[in-house]
Each structure stands twice: as C-alpha cells, then as structure tokens.
Amino acid sequence: MTHILHRSTRETFETALSGEGSWLTLKAGGRVLDAAGGAAVTCIGHGNRRVASALAEQATRLTYVHTAFFTSEPAEALADLLTDDGHFARAFLVSSGSEAMESALKMALQYHVECGAPERTRFIARRQSYHGNTFGALSVSGHTGRRSIYEPVLWDTVSHVSPCFPYHEQGTQEDDDAYVARLAQELEDEIVRVGPNTVAAFVAETIVGATSGCATASPGYFAAMRAVCDRHGVLMIGDEIMCGMGRSGKRHAWEYENYRPDIQTVAKGLGGGYVPIGAMLINDRVHDALAAGSGAFVHGHTYQAHPLAARGALEVQRIIREEKLVERVATNADPLRTRLVEALGNRHSVGDIRGRGYFLGVEFLADPEARIPYSSEAGFSARLKAAALSEGLALYPNGGTIDGRTGDHVIVAPPFNATEDELDYIAEKLSVAVAKVEAAVQA
C-alpha cells in the first residue's frame, strides 16, 4: 500500500531502486533503459558520483539561506555560467519549469509597468502548447486536455493563435514562406484585435515537446514572429524548459532560428534530475528597465537560488562542458534519427519522425497517408508505454498530439552520454514495442 497520491489512483507503479548511466534498476527485478531521460531531464545519466560528491560537500557547508538577506557562492556561480555567452544579463533561479514560467510572465508584466505602460496586461500564446501546470503557466498553455477542468478559472487576459505545426497545419499548396507569412499575419491580426497597446508578451516553445512531440518550426518562423512583436513593442518569452540546455545540439534551441527571446525559461536539463531547479533568463533590455525603475522584481520564492540545488546544477553543467556533451549530441543527432527511421521503416503506424538533437518525436497514426489518428479509445500511446517497459525501455508517450485530444506520439530523449550500443537498443526495442501495439489495436 502506498500513501503517495500518484498521478493515477488506478495504476500501480514499479519502484526504481537505483540508476547508473542510462539504466534504471527495478525493485521487482530487471533493468530499464531510460530512453527519454524521464521527461527529457536526465542529460548526463543516473548515479553520477561527481555530482553526488559535490552535493554532499555542499550539504555539509551550506544548504539554505533566504535571498532577502544573503546570496551564496553556488547560486552566483551558476548564474555566471548561465549568462556567460552574453545573450542574457541575469538569471533568476527557482525550483521548477512551472515556477520559471510564472516568473517570466510576471517579469513581462513588470517590465511594461517600469516602462510606463501598465495597461499591457495581455499575453498571446499558441494552441497545442504546454508551459507548466500552475495557473499562469497553464493559462498560456494551449493543450485543451490539460486545461479542461480548470478552464473556468484560467486567465481571461490570454488568447491563442495557431502553432507552427507544418506536418498537420501547413496547406498542401503552401510552401514554407507562405505558411510562415500566414502565421505572422495571424499574430499581427490578433495583436490588433485585442489592442496593440495591451499586449505584454508572446509566449512560445522553441521546439514543442510534450504536447506535439518535438515539433520544430518552419524556417523563418521565429524571425517573422520577432518582427511582428518588435513592431508592436511586445516582448517574446521563449520556453526552453524541455528543449533547452543542450538537448537540441546547441545550448539554446533558438540558435537554429535566427532570433533571440527577451525572456527565456529553462529547467529540466539544467539540473539533469539531480536537483529540482529551473531558471528565468532576462536580456539587457528587460534588466535595464527594471534597474532604471523600481529596482526590485515584485516576485520571489522561499527556495529561490537554493544553494544546494544550485551546486548540483552547476556540477551537471560543468560536466556537460568538460565532456563536450552538447557537441556529442550535435554529432550523433542524425545517426540517432537514422536509427529510428530504419528500425521503424516497416511499421505502418509511423507518420512522422521529427525534432532536433536528442529530442526526437515519433508520431503514430491509424492512416499516415491521410494523417488520420487512432481514436482516443484505442489508447495507442498508453499501450506503447507499457509495451516498451516490457521490453526494458522507458519512453515518454503522450496523447492529444493533433488537437489536445486525438493523436499519439512518443518522445525519445536519451542522456547526452548514451553509448552507441544504447542508441541501437533504443531503436530496436522501440520497433518491437510498436509492432506489439499495432497488433493489439488491430485485434
């Protein structure tokens, strides 16, 4: 019997006893390859002794101070690391991705207050997006299934435009330029509709993760959105909670997109699963407005810039740099994709394999040619999770890929230091699991 309120009261969860590298050892026996890093979290693998030693040493030195009184060496060092590429001026350290997004939304509102435009209280985000599970973050999220029961109390100052999801939403007669121009015009029209002087920020994931299965933007999309936002004085909030911190093969996934956000959120890969931590990053434009105005961010958390969490994340990031793991992801990204394409080539349910780096999504459809999804009753993604686990493989499946309710995908996001043999294992066992589920849903 458990006294934990698990994610489901109807499901029994196996107990993981330990982890080493890409593998988890289960209490019931056997090992499972963590092929999605949990939820694109575990970037250097499990059980890293160097991180454990750093945490143990920090725990004997200093575990907590309140940031209204003190700062700490680990927090200062981590903030230095997060801003040393010159793209951002300051880092605000929190305990999760949702906290990072709440901080970003509040910072966008306060930026406009500091600039003398307190009427800018609206946000525009995108359908088929997910930015976190707290009320502000969920309000800007566009996943209908996750919003549903909370809809009556979500913010009425948020509106949503179409996502950049070419696999499902680009017209058959549209080239990339025409598709991007249509989406840019839609954002322009929405800003004008709600009032150009009322919009604080546009919020978007650089690579849409859990909701749409690693959907990347069409070429020129983010630059076009940037132009629209700049024309109307609207900030851009880039959500890289899932796709950031090197998982795409670059430090920031937006480096592929010829644009830079004013405010960015990061989390999962920041601490690599060793500590609960996230961060909001702000550029000079935002920081200078705050510094020249009130000089204080009207927001805070008891555990912000937690010394122990910061020390763990700092060691994770140092390991990534010293071992050149982001460069490794960039080098091995295409070979990993090729493995998946070849292993799944004879699986008739596979519609699309997409993403960047070690952040790849596989979408499954009842009729890939017509792009018709399985019914939600078929439970394809849930079946795939179970089938993969039975093959010793942990993946990150989700439903609602197309519209928040229908469609299925799985995310493959292994540790950056996964071995060649482990990448082969992922492709092989995923193919076996998919074949099992195809047979089951057709039975």
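The values are calculated or read from the model by the stated rules, or taken from the named source; none is laboratory data. Not measured: the values here are computed from a predicted model. All Cβ positions, glycine included, derive from the backbone under ideal geometry; neighbour counts span all protein chains shown.
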**OP:** Tell me which of these ILE353 doesn't satisfy, since it passes every other one: (1) within 20 Å of the chain's Cα centre (by Cα); (2) touching a residue at least 24 places away in the same chain (Cβ under 8 Å).
**Re:** (2)
**OP:** Of all residues in region 55-97, count the ones that are buried (at least 21 other Cβ atoms within 10 Å of the Cβ) and either of a type outside the set (Gly, Ala, Ser) or not assigned by TED's automatic domain parsing to the domain that holds ALA267 (or both).
**Re:** 8
Subject >> Of residues in region 207-246 being hydrophobic (A, V, I, L, M, F, W, C) and part of a strand (DSSP E or B), the one farthest from VAL410 (Cα to Cα) >> reply: LEU235
Original post:
Of all residues in region 403-440 being at pLDDT below 95 and out of contact with any strand residue (DSSP E or B) (no Cβ under 9 Å at 6 or more places or on another chain), which is surrounded by the most Cβ atoms within 10 Å (Cβ to Cβ)?
Top reply: GLY404
Original post:
Considering region 378-396 alone, what residues qualify as being surrounded by fewer than 21 Cβ atoms within 10 Å (Cβ to Cβ) and within 27 Å of SER162 (Cβ to Cβ)?
Top reply: ALA378
Subject >> Near pairs, Cβ below 9 angstrom, 6+ apart or cross-chain, from region 278-289 (under 16 Å from ALA305 (Cβ atoms)) to any residue that is among the hydroxyl-bearing types (Ser, Thr, Tyr) and not in a strand (DSSP E or B) >> reply: GLY278/SER95; GLY278/SER96; GLY278/SER98; GLY278/SER103; ALA279/SER103; MET280/SER103; LEU281/THR83; ILE282/TYR111
Subject >> Residues satisfying the stated conditions in region 33-44, i.e. touching a strand residue (DSSP E or B) at 6+ places or on another chain (Cβ under 7 Å), surrounded by 22 or more Cβ atoms within 10 Å (Cβ to Cβ) and more than 10 Å from TYR274 (Cβ to Cβ) >> reply: LEU33, ASP34, ALA35, ALA36, ALA40
Original post:
If we scan region 319-337, do we find a residue that is in a loop (DSSP other than H, G, I, E, B), hydroxyl-bearing (Ser, Thr, Tyr) and at pLDDT 95 or above?
Top reply: no
**OP:** Have a look at ALA333, ALA366, ALA296 and point out the one that is farther than 27 Å from PHE13 by Cα and assigned by TED's automatic domain parsing to the domain that holds PRO166.
**Re:** ALA296
**OP:** Filter region 341-366 for residues that are assigned to a loop (DSSP other than H, G, I, E, B) and within 17 Å of THR211 (Cβ to Cβ) and give the result.
**Re:** LEU365
Subject >> 2 or more residues of a type in the set (Asp, Glu): qualifying helices (runs of 4 or more DSSP H) within region 1-111 >> reply: 73-83
Original post:
PHE202 fails exactly one of the following numbered conditions: (1) crowded, with 24+ Cβ neighbours inside 10 Å; (2) farther than 26 Å from LYS106 by Cβ; (3) of a type in the set (Phe, Trp, Tyr). What is the number of that condition?
Top reply: (2)
